[in-house]
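Take a look at the structure below.
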Amino acid sequence: MKALLVAIAMLIAAPALADSSLPPAYWAYRQLPNASQEARAQRLMAELRCLVCQGQSIADSDAELAADMRDLVRRRIADGEQPAAIRAWLIERYGTWISYRPTAEPATWPLWLAPIALLAIGLLLLRKRIRTRARP
């Protein structure tokens, strides 16, 4: 019975052990002193997806990885790197999925063309239906 209680207690406590006991990265929750640099960092962070939360940007997420990524973005912008270069580096490292801003690479062409094709099919069906109703 004791072994069962210990096993249950360990399973319940496991999620609590998932968080790190390290302090957050320096720029994770601080703003850059230069307002224009901070604005560029905020714009970039708003278009990068949190890898842990998956539904939030790194600007909105409280996950440790998102905090580390905010720190990385702010440090690189403070060092003078352009947001496009930081975004490209993150896409190279984590894949295009990390970016909320879609790319126009061949793999995504069906996603861009599908709405146009569906609209065209819908218009053709509507035209056919109107013509058949107009005939006596």
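What shape does the chain take by its C-alpha gyration tensor, where a ≥ b ≥ c are the square roots of the eigenvalues and a/c under 1.5 counts as rounded, a/b above b/c as prolate, and the rest as oblate? Judged from the Cα gyration tensor, the chain comes out oblate (a/c at least 1.5, b/c at or above a/b). Each peptide in 75-85, 96-106, 47-57 gets a packing score, the mean of other Cβ atoms within 10 Å over its residues, and the list from highest to lowest is 47-57, 75-85, 96-106.
When shorter helices are ignored and each DSSP H run of at least 4 residues is given -39500 (n - 2.57), the per-residue value for the chain at 222 nm works out to -18500 deg cm²/dmol.
Residues in region 101-109 carry Karplus couplings, in order, of 8, x, 9, 10, 8, x, 5, 9, 4 Hz; the curve used is 6.51 cos²θ - 1.76 cosθ + 1.60 with θ = phi - 60°, and Gly or Pro positions show x.
For region 62-70, 3J(HN,Hα) computed residue by residue from phi via the Karplus equation (6.51, -1.76, 1.60; θ = phi - 60°) reads 9, 5, 4, 5, 5, 5, 5, 5, 4 Hz, glycine and proline entered as x. As a rough guide to protection, the peptides 116-122, 29-35 ranked by mean Cβ packing within 10 Å, highest first, stand as 29-35, 116-122. The HN-Hα couplings worked out from phi for region 22-34 by the Karplus form 6.51 cos²θ - 1.76 cosθ + 1.60 (θ = phi - 60°) are 6, x, x, 4, 4, 8, 5, 10, 10, 9, 5, x, 7 Hz, whole numbers, x standing for Gly and Pro.
A short reminder: the numbers here are calculations on the coordinates, not readings from a lab. None of these values were measured; they are calculated from a predicted model. FYI the Cβ positions are ideal-geometry reconstructions off the backbone, even for glycines, and counts take in every protein chain you see.
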